[in-house]
Structures are given as C-alpha cells and as structure tokens.
Amino acid sequence: SAVISQKPSRDICQRGTSLTIQCQVDSQVTMMFWYRQQPGQSLTLIATANQGSEATYESGFVIDKFPISRPNLTFSTLTVSNMSPEDSSIYLCSVEGGAGELFFGEGSRLTVL
Amino acid sequence: EDQVTQSPEALRLQEGESSSLNCSYTVSGLRGLFWYRQDPGKGPEFLFTLYSAGEEKEKERLKATLTKKESFLHITAPKPEDSATYLCAVSLYNFNKFYFGSGTKLNVKP
C-alpha cells in the first residue's frame with residue numbers, strides 16, 4: 001500500500017483567498033486523484049493529475065477554480081482559489097494501488113469564513 | 001446512469017450485536033467493488049476489494065460478500081472501536097473512475 005502525506009491537515013481561511021494543498025506519495029505513481037468530501041457527504045472526484053500533462057477535470061470543476069500541479073511522479077498540489085464558504089470541505093489526495101484499489105491521504109480539512 | 005447506493009444511512013448497534021451493511025450498484029462493466037472505513041476527520045482506509053459475484057473476503061470481525069447487484073459488509077460481534085463510516089465504491093472497466101456511495105455511519109455502543 002502507498003503512504004500518502006497531505007499538508008496542511010486543516011486550515012481556516014478567509015473568503016476570497018486561495019489555499020494550496022500538497023500531496024506527497026512514498027512511491028512513484030502515474031496518476032494522482034483529488035477528491036472533495038463536503039460535510040456529511042460522500043467523495044466527489046475533482047480531477048485526475050498525470051505527470052507531464054494537464055489535469056483532467058470532472059464535470060462541475062474547472063481549472064481556474066482548482067488549479068493542479070504535478071511536477072513529478074511522487075508529488076502534486078491542488079489550489080482552491082477565490083474561496084467561499086461553499087468550498088469548506090475535506091480535500092483528499094489518492095493514488096491507485098496494484099490491485100486497482102484507491103489509497104487515500106489523511107485529508108485536508110478546509111473551513112472558509 | 002451508474003449509481004451506488006448504501007443502506008442504512010446510519011446504524012446503531014449494541015456491542016456484540018451482529019448486523020450487515022448493504023451496497024447496491026447499477027453499473028455496466030464492473031471492474032471491482034471496494035469497501036472503506038472512514039473515521040471522523042480522516043481519509044478513507046481501504047478494507048476489501050471484490051471482483052466477481054460469489055467472492056468473499058474477511059478481516060477480523062468484518063466479512064464482505066458480492067452478488068451481481070449488491071455487496072454486504074457483515075459485522076460479527078462488533079466492538080465500540082468498529083464505530084466509523086463505511087463507504088463502498090465501484091470502478092468500471094471502461095472508465096478509470098470510482099463511484100462512491102454515501103456511506104453508512106455505524107455506532108457501536110458498549
């Protein structure tokens with residue numbers, strides 16, 4: 001299984017600001033996934049990040065709001081831009097294991113005031 | 001439309017009271033069904049993968065089973081430390097994507 005570290009684990013931000021979440025994996029992976037989990041809800045895929053190419057965004061998510069970087073095979077960042085209270089969620093980084101399962105980081109809990 | 005539905009939404013059990021959680025799915029081309037445990041404020045923890053109808057997996061007090069339309073997570077003689085939200089997810093052959101259910105929040109009272 002992969003060990004995935006996320007920073008920050010939690011943050012409280014002001015409306016209109018941006019926050020960048022970092023994700024570090026202990027092994028090289030082709031794809032990294034970013035999910036959002038709103039309070040009391042299940043997981044929604046934001047985008048898939050491949051090294052060396054632009055991220056692929058799911059319906060309802062756009063690059064201007066959630067820019068993603070993938071500079072190498074073990075690291076990715078997700079930025080939540082121009083935040084509003086509706087962006088208050090847990091943001092999760094994940095990678096796929098050898099048997100097709102997903103492994104997740106501990107998550108970054110974001111509260112926007 | 002592909003869907004994953006979990007029931008019940010919440011379940012309260014006494015310690016030692018066995019029960020089952022359900023995950024039903026309506027997808028085409030199932031590649032795998034996955035169960036996760038999620039504690040408050042943490043990321044989901046992988047439990048099991050099931051690939052085909054009739055398959056079963058066990059881990060301590062948990063046993064996962066799979067049919068062509070649904071999966072069950074059986075909890076035998078649960079303990080308070082089993083309290084968590086249990087998520088199921090499916091992945092498809094045609095799309096490199098996972099569909100998650102909304103979860104069952106389990107509370108085991110001592």
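The values are calculated or read from the model by the stated rules, or taken from the named source; none is laboratory data. Only a predicted model underlies this, so the values are computations on that prediction, with no experimental measurement involved. Don't worry about glycine lacking a Cβ; one is built from the backbone with ideal geometry, like all the others, and counts go over all protein chains shown. When the accessible area is computed, the model is the full protein with side chains, heavy atoms only, and any ligands, DNA or RNA have been set aside. Shrake-Rupley method; radii C 1.70, N 1.55, O 1.52, S 1.80 Å.
The contact between chain A and chain B removes approximately 1500 Å² from the accessible area (both sides summed; 1.4 Å probe; ligands, DNA and RNA excluded). Keeping the other protein chains in place, figure out the carbon and sulfur percent of the accessible area of the stretch A:11-112, with a 1.4 Å probe. Reported share for carbon and sulfur atoms: 47 percent.
Only lysines eight or more places from B:Lys59 in sequence, or on another chain, were considered; those with a Cα closer than 29 Å are B:Lys42, B:Lys68, B:Lys69, B:Lys79, B:Lys97, B:Lys105, B:Lys109. Burial of accessible area (probe 1.4 Å, heavy atoms of protein chains only) in the stretch B:79-110, relative to its chain alone, reaches at least 40 Å² for B:Asn96, B:Lys97, B:Phe98, B:Phe100. With all protein chains kept in place, the per residue accessible area of the stretch A:11-112 amounts to 44 square angstrom at a probe of 1.4 angstrom.
For the stretch A:13-42, accessible area lost to neighbouring protein chains reaches 30 Å² or more, against the chain alone with a 1.4 Å probe, at A:Tyr35, A:Gln37, A:Ser42. Note: the stretch A:11-112, Cα convex hull, 97 Å³ per residue.
Accessible surface of the stretch B:3-94, 1.4 Å probe: 47 percent of it comes from carbon and sulfur atoms. Separation of the stretch A:42-113 from the stretch B:69-90 is 26 Å, based on Cα centroids. Please find the FRET efficiency linking A:Asp26 to A:Ser59, where r is the Cβ-Cβ separation and R0 is fixed at 30 Å, and quote it to the nearest 0.05. That pair, A:Asp26 with A:Ser59, gives E of 0.45. Relative to one another, the C-alpha centroids of the stretch B:13-53 and the stretch A:1-31 are positioned 25 Å apart. Projected onto its three principal axes, the C-alpha set of the stretch B:3-94 covers 40, 29, 21 Å, listed from the longest axis down.
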